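K.L.:
Dropping a structure here in structure tokens format, bear with me for questions.
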Amino acid sequence: MRLTFDEVNHHYYVDGQRVPSVTEILGDLSTVKRLDPSWLAAARERGQLVHKVVELHNQNDLDESSVDPSVAGYLKAWKRFCSDLMFKPLVTERVVYSQRWGFAGKLDVLGVWQPNRWRRFCLPEVKTGAKDPAHAPQTAAYVQAAVEMEILDDLRPKDLPQRCGVYLDASGYYNCDRFSDPQDWPTFVAALTCWKFKQRHGLL
């Protein structure tokens with residue numbers, strides 16, 4: 001199986017065949033479509049820059065003197081999250097694919113944390129904008145794909161990662177929302193079913 005990602009168009013391919021992305025599937029459940037397009041374009045550009053800085057930091061490959069001042073506060077917020085929650089990144093910006101369900105996506109980071117001195121896997125979704133109801137099922141989809149792909153040797157269905165949204169702010173602070181609703185994964189499956197229905201009937 002050959003999994004590729006077209007970063008320009010944000011398309012995923014498996015053996016040359018395009019498969020839907022997690023965010024594409026959840027599009028109808030997101031508040032993004034209600035936002036002003038010009039504001040959204042600027043927010044996406046900022047988010048991409050922050051994600052790259054966070055990725056390099058997680059890989060211990062960041063020259064902090066090169067960080068754009070406009071995103072320095074977001075990096076500070078991420079570092080504060082890692083320190084407060086004793087979070088250690090193990091995998092960052094990884095393209096994942098669920099062969100069973102037929103979708104792909106790119107998880108921000110997967111690692112371990114010890115908020116109560118109990119080591120456990122955690123999958124945080126890094127955000128620089130407002131909270132969105134689609135974020136929780138988004139992380140549930142990434143967990144499903146990550147477990148299927150066995151991207152970490154110790155990652156098994158019986159020990160699913162805790163999920164959270166880490167909302168970074170330019171002020172250097174963050175808000176962490178833990179996602180634990182058991183309906184998050186069924187919600188994603190329902191959205192996937194609707195997406196496939198639209199695809200079959202030319203409604204996309």
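Here, each number is a calculation from the coordinates, and none is a lab measurement. All figures in this text were calculated on a predicted structure; none of them were measured in a lab. Here Cβ is always computed from backbone atoms with ideal geometry, including for glycine, and neighbour counts include all displayed protein chains.
K.L.:
With all pairs of different alpha carbon atoms counted, what Kirkwood hydrodynamic radius in Å does the stretch 3-200 show?
P.N.:
Taking every pair of different Cα atoms in the stretch 3-200, averaging 1/r and inverting gives 17.4 Å.
K.L.:
Name the residues of the stretch 47-89 whose amide N is less than 13 Å from a point 7 angstrom out from the Cα of S30 along the C-beta direction?
P.N.:
47-48, by backbone N distance to the label point.
K.L.:
Next question, about the same structure. How much mean residue ellipticity at 222 nm does the chain get from its helices, if each DSSP H run of length 4 or more adds -39500 (n - 2.57) and you divide by all residues, to the nearest 500 deg cm²/dmol?
P.N.:
Rounded to the nearest 500, it is -12000 deg cm²/dmol.
K.L.:
Go ahead and run the numbers for FRET between Q59 and T193, Cβ-Cβ distance against an R0 of 45 Å, rounding to 0.05.
P.N.:
Calculated value: 0.75.
K.L.:
Another question, then. Would you mind checking the pairs K79/K131; K127/K196; K131/K198 and listing those with alpha carbons more than 22 angstrom apart?
P.N.:
K127/K196; K131/K198
K.L.:
Still on this structure: Stretched out fully, how many nm does the piece from K131 to L203 gain, at 0.36 nm a residue minus the Cα gap?
P.N.:
Here the segment from K131 to L203 would lengthen by 23.1 nm.
K.L.:
Then there's this: As I understand it, the dipole of the chain uses +1 on the Cβ of Lys and Arg and -1 on the Cβ of Asp and Glu, about the Cα centre. Which of Q59, P186, L107 lies farthest toward its positive end?
P.N.:
P186
K.L.:
In nm, to one decimal, how far is the modelled label at Q99 from the one at D181, with both set 7 Å along Cα→Cβ?
P.N.:
3.2
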